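Single-structure report; data block below.
The values are calculated or read from the model by the stated rules, or taken from the named source; none is laboratory data. Nothing here was measured: the structure is a model prediction, and the numbers come from that model. Positions of Cβ are generated from backbone atoms using ideal geometry, with glycine treated the same way; all protein chains shown enter the neighbour counts. With ligands, DNA and RNA removed, areas are computed over all heavy atoms of the protein, side chains included. Shrake-Rupley method; radii C 1.70, N 1.55, O 1.52, S 1.80 Å.
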2 protein chains.
Amino acid sequence: MARTQGSHSDITGPRIRAAALGLFARHGFAAVSMRQIAGAVGVQAGALYNYTPDKQTLLYELMRGHLNDLLAARAAEMPGADPMARLENFTRFHIRFHIERPDEVFIAYMELRNLEPANFTEIERLRRAYEDELETILRDGVKSGVFAVSDPRIVTYAVIAMLNGVNTWYRAGGRLSLEEVEALYWDMVRKSVSA
Amino acid sequence: MARTQGSHSDITGPRIRAAALGLFARHGFAAVSMRQIAGAVGVQAGALYNYTPDKQTLLYELMRGHLNDLLAARAAEMPGADPMARLENFTRFHIRFHIERPDEVFIAYMELRNLEPANFTEIERLRRAYEDELETILRDGVKSGVFAVSDPRIVTYAVIAMLNGVNTWYRAGGRLSLEEVEALYWDMVRKSVSA
DNA sequence: AGTTTAACTGAACAAGTGTTCAAATCAAAC
DNA sequence: GTTTGATTTGAACACTTGTTCAGTTAAACT
């Protein structure tokens, strides 16, 4: 077996995913051709098929990778015990994680409709697992009386929508620091669900 | 001049726009072909060009129409004088208007990247005009002391992102009535910006 | 009845699509 | 220095794309 080391394959693979990520985020999955991705990597279109069975799977793997990263990073957090501390931890974690990955986040929300049904189901399952964390925090807070939330599921959607909005305006090196952004959103989230 | 009455032109035009709206919302602008739109209307692709100079303009006109409707409907509202009442009016108006037009809203947010620069600029101008209404309410409320908002522009983005989230889960005839949805979001908005 | 013309068809155009694959290329392993 | 097999090329495939336009249809006017 020749070229197990020094092979281009462990270099080209990531470069393809990176190029696809950027192009999908900028122009949309359907508007980007395999030849464009190949061109960005400096390779012919046929070479892409050593790394993905098809274009659809390339998109799916990007989304799945992103959501797995999200869930793994979330699992590594050590939130406190009481609901208020956990909500603050969740809010700040979400802002931080999403601000660092605008392209992944954009794709994971905008390209759902381009997933084949089976892939869509799996992506939705992962996203749901993440949202359930927030919903559980809200329910616990209602139980203990610190939160006044009439419908925890809907409020979960509302809070996540608000937090995701950060990516519509935030640009690295902008007017506000990460800490200021975190503090601003945490202030709004805390007040919006407090009793 | 023949066929000024009984002509199909005043029927086909709206049907084309309606078909394009639904298809763009479901599959995305780039993923929908002119032949698909024509097929949905029951006409050949060439006939579409009696109603739009090109595919791009079809998208642009849909977005511009939607945002003009939005601004016109907003201008017809008679909010009260004090910031709290105006904020409640804005919130309920926004929810109501957006819930009734899921396809238009979806397109107006998701297909911005498919607009040519000149068209993009104009759409952004209209959206900005709408957002400025909310920002003004927030600034007035800060001045009069009823709102505690550190950065009115960013909070405007946050509130609008939260409200737009309604379209990710709301379905007509679902568990909650329109009034319940309005009340739920208004409760969150009010608390999140209150002093 | 005959004329006019808006509305539409259907075929054509050049360019681009995702994907396949035999052949060429290359660097590591022997 | 040759073998080996992973990696890439480049051409080809069948099909779709947005758009144009000469020609057909049919309703409304004189």
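What residue, among those in segment B:17-36 that are within 12 Å of DNA strand C (Cβ to nearest atom) and among the hydrophobic types (A, V, I, L, M, F, W, C), is farthest from residue B:65 (Cα to Cα)? Please lay out each step first, then the result.
Going through segment B:17-36, the residues within 12 Å of DNA strand C (Cβ to nearest atom) turn out to be B:30-31, B:33-35.
Then keep just the ones that are among the hydrophobic types (A, V, I, L, M, F, W, C); that gives B:30-31, B:34.
On the way: B:30: 20, B:31: 22, B:34: 20 Å.
Per the criteria, the residue is B:31.
Does residue A:86 satisfy being of a type outside the set (Asp, Glu) and touching a Pro at 6+ places or on another chain (Cβ under 7 Å)?
Details: of a type outside the set (Asp, Glu): yes; touching a Pro at 6+ places or on another chain (Cβ under 7 Å): yes.
Spelling it out, residue A:86 is indeed of a type outside the set (Asp, Glu) and touching a Pro at 6+ places or on another chain (Cβ under 7 Å).
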| note | Scanning segment B:173-189 residue by residue, the ones that are more than 7 Å from chain A (Cβ to nearest Cβ) and free of Cβ contacts under 8 Å to residues at least 60 places away in the same chain total 9
| request: Look at segment B:42-60 and say how many of its residues are aliphatic (A, V, I, L, M), more than 8 Å from DNA strand D (Cβ to nearest atom) and either at pLDDT below 95 or surrounded by fewer than 19 Cβ atoms within 10 Å (Cβ to Cβ) (or both). | output: 1
| field | Lone qualifier among A:114, A:119, A:164, A:89 - being polar (S, T, N, Q), at negative phi, in contact with a Phe, Trp or Tyr (Cβ under 8 Å, 6 or more places away or on another chain) and more than 12 Å from every other protein chain (Cβ to nearest Cβ) | value | A:119
| task | Answer yes if at least one residue in segment A:84-92 is free of Cβ contacts under 8 Å to residues at least 60 places away in the same chain, open to solvent by 20 Å² or more (accessible area, probe 1.4 Å) and closer than 18 Å to residue B:191 by Cβ, and no otherwise. | result | no
| request: Go through B:181, B:142 for me and flag whichever is in the same structural domain as residue B:73 (by TED's automatic domain parsing) and within 19 Å of residue A:159 (Cα to Cα). | output: B:181
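Here is a check on your reading of the model: is residue B:123 over 30 Å from residue B:13 (Cβ atoms), in contact with a helix residue (DSSP H, G or I) (Cβ under 8 Å, 6 or more places away or on another chain), in a helix (DSSP H, G or I) and not aromatic (Phe, Trp, Tyr)? It would help to see each step written out before you state the result.
On the way: over 30 Å from residue B:13 (Cβ atoms): no; in contact with a helix residue (DSSP H, G or I) (Cβ under 8 Å, 6 or more places away or on another chain): yes; in a helix (DSSP H, G or I): yes; not aromatic (Phe, Trp, Tyr): yes.
So residue B:123 fails the test.
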| Somewhere in segment A:61-81, is a residue surrounded by fewer than 17 Cβ atoms within 10 Å (Cβ to Cβ), basic (Lys, Arg) and either within 30 Å of residue A:188 (Cβ to Cβ) or within 16 Å of DNA strand D (Cβ to nearest atom) (or both)? | no
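For segment A:42-58, check the following and say yes or no: at least one residue is within 14 Å of chain B (Cβ to nearest Cβ) and away from DNA strand C (no atom under 11 Å from the Cβ). Let's see the steps before the verdict.
Looking only at segment A:42-58, we keep the residues that are within 14 Å of chain B (Cβ to nearest Cβ), and these are A:55-56.
Among the residues that remain, those that are also away from DNA strand C (no atom under 11 Å from the Cβ) are: none.
No: zero hits.
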